[in-house]
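Below is one structure, written out as structure tokens, with a few remarks after it.
The values are calculated or read from the model by the stated rules, or taken from the named source; none is laboratory data. Everything quoted here is computed from the prediction, not taken from an experiment. Glycine gets a Cβ as well: all are built from the backbone with ideal geometry, and neighbour counts include every protein chain shown.
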Amino acid sequence: MKVKVVNVVLLVVAAMVFVYAFFIYDKNKPIRYLAIFGEKEVVTKDGKTDTVYHTIGNFSFINQDGKTVTEKDFNESIYVTDFFFTTCHSICPVMSNQLERVYEKYKSNGKVKILSHTVDPDIDTVEQLKRYAIQHNAQAPQWNFVTGSKKELYAIARTSYLLNAEQGDGGPDDFIHTQNFALIDWDKRIRGFYDGTDTADINQLMKDIDLLLKEFEYQKKK
């Protein structure tokens with residue numbers, strides 16, 4: 001009698017697992033979600049509570065093709081951002097080589113982009129950025145190298161991308177030199193920081209991009 005009861009219980013459990021696996025469990029749901037970085041605020045409106053996350057502010061820069069690039073060019077996109085200068089002979093070449101790996105992997109996917117900002121706009125003219133882009137086999141709009149006002153470039157590095165904790169005003173004596181990359185999602189939220197000189201970190205970055213792509217597709221279907 002006990003054997004029959006055990007068999008019945010096992011059959012019921014197996015049936016429940018089957019139902020869950022094929023009718024309840026969402027196979028398209030990402031296996032995990034990346035953290036969202038930056039300060040957040042809990043807002044209550046009309047009786048509903050929501051969390052408002054730190055997002056990248058509006059911007060307008062000029063890329064290697066002389067075209068204006070704004071935050072709107074990254075709508076519905078995931079992108080990696082960094083700050084460099086073309087005459088750097090220390091960390092910047094390594095960073096750009098690592099980004100070239102990312103670019104090569106995703107260049108057939110228009111949802112993944114790269115945005116590289118110069119921190120030396122006096123030297124890094126449009127023509128200089130174009131030469132640098134060619135060296136790294138990069139083409140806009142998927143990989144933009146941008147220049148603009150030094151104050152605006154430095155402000156967005158510090159206040160939007162949170163890539164430099166040092167105080168500064170973007171003046172003549174101010175200088176940013178960071179090897180860190182930020183990963184930005186379709187809602188302009190920061191989803192990760194990575195050491196652009198570390199191969200293992202960039203391998204993780206690409207894994208995280210894959211996770212974000214799956215999350216993006218999952219949210220679109222909901």
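Structure notes:
- Filter pass, T197 being closer than 28 Å to F216 by Cα and part of a helix (DSSP H, G or I): no
- Checked against the criterion of being among the aromatic types (F, W, Y), closer than 17 Å to T86 by Cα and within 21 Å of the chain's Cα centre (by Cα), the candidates F145, F175 yield just one match: F145.
- Hey, H177 surrounded by fewer than 19 Cβ atoms within 10 Å (Cβ to Cβ) and modelled with pLDDT under 95 or not: yes
- In the stretch 87-122, the qualifying residues are those that are touching a Ser or Thr at 6+ places or on another chain (Cβ under 6 Å) and part of a loop (DSSP other than H, G, I, E, B), and the one that is surrounded by the most Cβ atoms within 10 Å (Cβ to Cβ) is P121.
- Selection from the stretch 40-63 of residues that are among the polar types (S, T, N, Q), modelled with pLDDT of 90 or more and either at positive phi or in a strand (DSSP E or B) (or both): T51, S60, N63
- The condition of being in contact with a Pro (Cβ under 6 Å, 6 or more places away or on another chain), surrounded by 17 or more Cβ atoms within 10 Å (Cβ to Cβ) and not acidic (D, E) holds for K150.
- Test for T159: is it within 23 Å of E100 (Cβ to Cβ) and either part of a strand (DSSP E or B) or among the polar types (S, T, N, Q) (or both): no
- Breaking point among (1) in a loop (DSSP other than H, G, I, E, B); (2) loosely packed, with under 14 Cβ neighbours inside 10 Å, for W186: (2)
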